[in-house]
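*Asks:* Provided herewith is a single structure, encoded as structure tokens, for subsequent inquiry.
A short reminder: the numbers here are calculations on the coordinates, not readings from a lab. If you're wondering where the values come from, they're calculated on a predicted model, not measured in any experiment. As a convention, Cβ positions derive from the backbone with ideal geometry for all residues, glycine included, and neighbour counts pool all protein chains shown.
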Amino acid sequence: MTSTEISRVVPHVRQVDWRTSALCRTYRPEVFYPKQPGILTDKAKAICSRCPVAAPCLEHAMSPPFEHEGVWGGLTGEERVALRRRRQRIARRAASA
Ligand code: SF4
């Protein structure tokens with residue numbers, strides 16, 4: 001049974017199934033975990049921009065325990081922290097409205 005067939009039978013398997021379609025699987029991890037930001041980060045982001053599972057990848061990285069390192073879903077760790085803060089501000093405003 002393929003992973004797609006499994007996810008149809010057992011819907012919660014979709015939670016991890018996105019990894020099987022990840023474009024980064026064919027690249028070296030160093031591309032996504034550069035020692036120095038800059039051009040290497042740009043390469044990872046370019047790959048992520050073509051990835052069919054960028055959205056679930058980003059949400060995985062944003063979920064506890066939160067991925068601080070590397071490029072996930074097209075965002076660096078710093079960019080994910082900024083996104084988390086924006087989401088928290090929006091949630092606080094919505095809760096107080
Ligand atoms: S969005 Fe980027 S890091 Fe996430 S699975 Fe796709 S290629 Fe990999």
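*Asks:* Could you check region 34-71 and list, in sequence order, the residues that are outside any helix (DSSP H, G or I), without any contact (Cβ under 8 Å) to a residue 24 or more places away in the chain and within 17 Å of Trp18 (Cβ to Cβ)?
*Replies:* Hits for region 34-71 are Ser63, Glu67.
*Asks:* For Cys24, work out the one condition from (1) assigned to a loop (DSSP other than H, G, I, E, B); (2) surrounded by 14 or more Cβ atoms within 10 Å (Cβ to Cβ); (3) within 11 Å of the ligand (Cβ to nearest atom) it doesn't fulfil.
*Replies:* So Cys24 meets the others, but not (1).
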